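The structure appears below as structure tokens.
Any read-out appearing in this document is the output of simple, stated calculations on the displayed coordinates, not a laboratory observation. Everything numeric in this text was worked out from a predicted model, so none of it was measured. Positions of Cβ are generated from backbone atoms using ideal geometry, with glycine treated the same way; all protein chains shown enter the neighbour counts.
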Amino acid sequence: MSATTRAEIRRVLRDHGRLPVDVDSLDDGADLFQAGMTSHASVGVMLALEDAFDIEFPDRMLKRSVFESVDGIAAALRELDSLAA
Amino acid sequence: MTTALLERDQAFVDGASQVADDVAAVHAEDVDREARFPIEAISALREISALSAFVPEELGGGGVSLEALALACLELGRRCSSTAMVYAMHQIQVATIVRHLDTAPPWFESYLRDVCAEQRLIASATSEIGTGGDMGRSIAAVTPGEGGLVGFEKQAPTVSYGAQADDLLSTVRRSPDAEGGDQVLALTLAGQAKMTPMGTWDTLGMRGTCSPGFVVSAQFAPEQVLDTPFARVMCESMVPLSHVLWSHVWLGIATEAFERGRRFVREAARRKPGEPVPAAAALSRVMSELALLRAEVQLGLRDFLADSEGNRERLSTMAAILRFNNLKLAASEQTPRVCQGVLEVIGIMAYKNDSPFSVGRQLRDSLSARLMVANERIHAVDAGLLLIAKGV
């Protein structure tokens, strides 16, 4: 799932993250909040990820640290995927 | 909890209650009238080492539990809201440092020892002009200065007891090129921060907290920066701790207003033995409002302790943020409701300032609750979180 998943995460971040920089200038481990994503924008990202991947993040995952990088989001999606399998 | 710990907690709460009754209560009216700092009560709290009550014993502190600290805030709140709020805010800074000591530079450990030995009072500058009231964003930044020091300049719209505190805990951006949300906490000592007052503090209530705005201009050593991301410190400690301790202060205010109502109806009953007391029936309705307030305040504390001890990570979830925001919203709206209810039960004797049944000070003080971090702002944050959080 890796490459397409990451591309889709980046698309969601580009459309909903309201980052002051181009998402593609950040690597997968870069801290999105340090790059300027606000808490408010992060909620939009979470909603769009739920739509894009047809999943629901449980409350325990709904925290800043899970969504602070492309890697973090990919790990959360992987975890949900393995739970569903 | 061991018996020894319970005894230590009880001794501390007894000491704080005694300060509340013997000192804070005596000066409360003058503090309110003159809008002056409650120096007598804070000095008395220093005398019993209450300023370091939450610092672990191995660092020289009292090692009391958060429950005990909350009870002390409640007892002080019954007698003098300003004293209680100053004490609560100081403890929020202390407890925040204590809870994040594992990721703080060693300097903070020696600082806490000084707090114990010298009973230093800590204020905070977390709000800033230009951020629209968002504590999660800063404009001021840690900036390299001369001689290996760092500095910042911050325009803070309110700094409670800013002129009376020894030290100051401020939110600032990590560096001059950091984004607004990339914050850290800086602890500056007396003499390291120049505090220039902006405006006055002549308010409706909470007059003794002396909270005008200040321009803070600070120069200090880099090791005085607690560089754990503030976003984490805010979720795990500062915000829920604030809501837990503030709500205990407010419960104290409401409890005192209710007690005045009770004294009033008891006196009415004594005057006409055997006759019905209509005011008592009205007070019964206020009692149920007070019971709701107390239940939420106590449950808020219990939920915070459960997360703190069992699963501190959970405090960063949106569900937890909503939970402790709800504590603040509910308690801040319920407290003036109780005070106003008592006003209506007692009538003119509660409206008069020079009556033993006056609840004017309690009502005025309680109205600050919904403004200190405006409830409208919290509702706006909650509105966003509600869209995604599940178990609300």
Whole-Å distance, taken between Cα centres, linking region B:198-261 and region A:1-49: 34
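Cα convex hull of region B:122-226: mean projected area in nm², to one decimal?
For the Cα atoms of region B:122-226, the hull's average projected area reads 6.5 nm².
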Across B:Tyr111, B:Tyr87, B:Tyr161, the residue with the highest GNM fluctuation in chain B (Cα network, 10 Å cutoff) is B:Tyr111
Binning at 20 angstrom from zero up to the longest distance, how are the C-alpha pair distances of the protein assembly as shown distributed in percent? 23, 52, 22, 3, 0
Which percent of the Cα-Cα distances in chain B go past 26 Å? 53
Could you give log10 I(q)/I(0) at q = 0.14, 0.17, 0.18 Å⁻¹ for region B:230-386, computed by the Debye formula over C-alpha point scatterers of equal weight, without solvent? -0.71, -0.91, -0.98
If Lys and Arg each add +1 and Asp and Glu each add -1, what is the summed charge of the other residues whose beta carbon sits under 15 Å from the beta carbon of B:Ala193? -1
Which ³J(HN,Hα) values in Hz, rounded to whole numbers, follow from the phi angles of region B:91-101 under the Karplus curve 6.51 cos²θ - 1.76 cosθ + 1.60, where θ = phi - 60° and Gly and Pro get x? 5, 5, 5, 4, 5, 4, 5, 4, 6, 10, 4
How big is the dipole moment of region B:122-226 about its Cα centre under a simple scheme where the beta carbon of each Lys and Arg is +1, that of each Asp and Glu is -1, and everything else is neutral? Debye, nearest 20, please. 200
Which of A:Met46, B:Met372, B:Met287 comes first, and how do the rest follow, when ranked by fewest Cβ neighbours within 10 Å? B:Met287, B:Met372, A:Met46
If one computes the Cα centroid of region B:17-67 and of region B:105-164, what distance in Å separates the two points? 22
For region B:66-107, rounded, prolate or oblate, judged on the Cα gyration tensor with a ≥ b ≥ c (square roots of eigenvalues), a/c < 1.5 rounded, else prolate if a/b > b/c? prolate
Sort out for me the Cα centre separation of region B:320-392 from region A:53-85, rounded to whole Å. 37
Residue-span extension gain [B:Glu309 to B:Asp114] - 0.36 nm each, minus C-alpha spacing: 67.5 nm
Given region B:3-118, report the % of alpha carbon pairs whose separation exceeds 25 Å. 22
Average Cα contact separation per residue, region B:230-386, under 8 Å, 6 or more apart, as relative contact order %: 34
Running Debye on region A:2-84 with equal point scatterers at the Cα sites and no solvent, what base-10 log of I(q)/I(0) appears at q = 0.12, 0.22 Å⁻¹? -0.28, -1.03
Connecting C-alpha atoms closer than 10 Å in a GNM of chain B, tell me which of B:Ser43, B:Ser332, B:Ser17 has the biggest fluctuation. B:Ser43
Given a cut-off of under 8 Å on Cα pairs at least six residues apart, what relative contact order in percent is computed for chain B? 16
Can you give the relative contact order of chain A as a percent, counting alpha carbon pairs under 8 Å and 6+ residues apart? 34
The protein assembly as shown - charge dipole about Cα centre, Lys and Arg +1 at Cβ, Asp and Glu -1, debye rounded to 20: 1680
Considering the Cα positions of region B:230-272, please state its Rg to one decimal place and its Dmax as a whole number of Å. 18.4, 60
